[in-house]
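Values quoted throughout were computed directly from the atomic coordinates according to the rules given, and no laboratory measurement underlies them. These numbers were taken from a predicted model, which means no experiment stands behind them. Every residue, glycine among them, receives a Cβ derived from its backbone with ideal geometry; neighbour counts consider all protein chains shown.
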Amino acid sequence: MTADRMGTESASDLPPPQLTSLPVRRFVGGAWADWQDDLVAAEEPLELRVQLPGGNSEPISVTMRTPGHDLHLVRGWLHAEGLGGAVQELWQTSDTPNVVWLRGDELLLLGARRTGTTSSACGICGSGSVERLMLRADPPVWTAAPLSPALISSLPERLREAQPAFQATGGLHAAGLFDPGGTLMAAFEDVGRHNAVDKLVGACLGPAQVLPPNRVLVTSSRAGFEIVQKALLAGVAVVVTVGAPSTLAVDTAVSLGLTLVGFARAGRFNVYAGAERLEG
């Protein structure tokens, strides 16, 4: 692979991954604290496009990532896919920071195209991702009583009790569906957090292709855009995660009316969106 247009990348020369400060309301020690700023890792889509003769281009892949070290990311992906030798040049431009352009063996590169790749007509930015989701998902409905903070903070441990594979290996994520009273309706494990949610949704979908109403999705992972997206498309109104959310996950939750809780554990959690569904 020849040198890219950005020059030789060095980790010491590049800016750190993007972080954004967002206001959160913390529940600590049995009481609500004042609003405080909290650092959240940015999440945006990155599209790989093959530059073709004549000026045209074709997308081959889209992945969600935290901006920063993008060319390292693409090189690693190309190597894992066995395509490192198919690329003579790769670059980014200031006009398209969420796109990495590739030039090389078009036949091999286009043959690696992933199904479901976002087209150029859909755009390749965070706001575009939210707008496309808004065309497919309705704002979630919650008709049950507000959830108590004590219940919210207890859900990760209740999910942990339904994670036998994690307890044996420590290497799997889990997704669980709870009713408003905190009863676990179903739980699935998988090495991928998105896969665990897909298994859960696939097992619990009703005839209308949504989950039963008034359900809480709990995951053992962070809350990335894909987790929020899958929850909204399934009709879930409340998402509780053990880890941190991303900026795009928070933006999406705010835009579509989802309750998003992160860093949930015994006695504490952060509310990033939809606090009206919680007591107090």
Given a Förster radius of 35 Å and the C-beta distance between Arg160 and His72 as r, what FRET efficiency does 1/(1 + (r/R0)^6) yield to the nearest 0.05? 0.55
Would region 152-223 count as rounded, prolate or oblate if I go by the C-alpha gyration tensor, calling it rounded below 1.5 in a/c and otherwise prolate when a/b exceeds b/c, oblate otherwise? oblate
Relative to the first principal axis of the alpha-carbon coordinates of the chain, what is the inclination of helix 247-256, with its axis defined by its Cα atoms, in degrees from 0 to 90 and to the nearest 10? 60
Nearest-5 percent of antiparallel DSSP beta bridges in region 155-279? 65
Expressed as an acute angle from 0 to 90° and rounded to the nearest 10, what is the orientation of the C-alpha long axis of helix 149-160 relative to the principal long axis of the chain? 60
Computed [θ] at 222 nm, deg cm²/dmol, the chain (DSSP H ≥ 4; -39,500 (n - 2.57); rounded to nearest 500): -8000 deg cm²/dmol
Stretchable slack from Leu19 to Thr169, in nm (0.36 nm times residue separation minus alpha-carbon distance): 50.9 nm
Net lengthening on full extension, Ser148/Ser255 (0.36 nm per residue, minus Cα-Cα): 36.2 nm
Just the number, please: percent antiparallel of the DSSP beta bridges in the chain, rounded to the nearest 5. 75
Which of Thr241, Thr247, Thr63 has the fewest other C-beta atoms within 10 Å, and how do the rest follow up to the most? Thr63, Thr247, Thr241
What is the fewest-to-most order of Asp37, Asp95, Asp190 by other Cβ atoms lying within 10 Å of their Cβ? Asp95, Asp37, Asp190
Helix 193-204: angle to the longest alpha-carbon principal axis of the chain, degrees 0 to 90, nearest 10? 50
With the label point 7 Å along the Cα-to-beta-carbon line of Gln36 and a cut-off under 13 Å to each amide N, the hits in region 247-266 are none
Treat each spin label as a single point 7 Å out from the Cα along the C-beta direction, and report the Ala80 to Leu205 distance in nm. 2.6
Could you grab the relative contact order for the chain? Cα pairs under 8 Å, six or more apart, rounded to a whole percent. 18
Using the Cα centre as the reference, give the magnitude of the dipole from point charges on the C-beta atoms of the chain (Lys, Arg: +1; Asp, Glu: -1; all else neutral), rounded to the nearest 20 debye. 620
With the chain treated as a Gaussian network of Cα nodes joined by springs under 10 Å, which of Gly170, Gly55, Gly192 yields the largest mean-square fluctuation? Gly55
Using a 7 Å offset from the Cα along the Cα-to-Cβ direction at both Val141 and Asp95, what is the distance between the two label points in nm, to one decimal? 4.7
With all pairs of different alpha carbon atoms counted, what Kirkwood hydrodynamic radius in Å does the chain show? 20.3
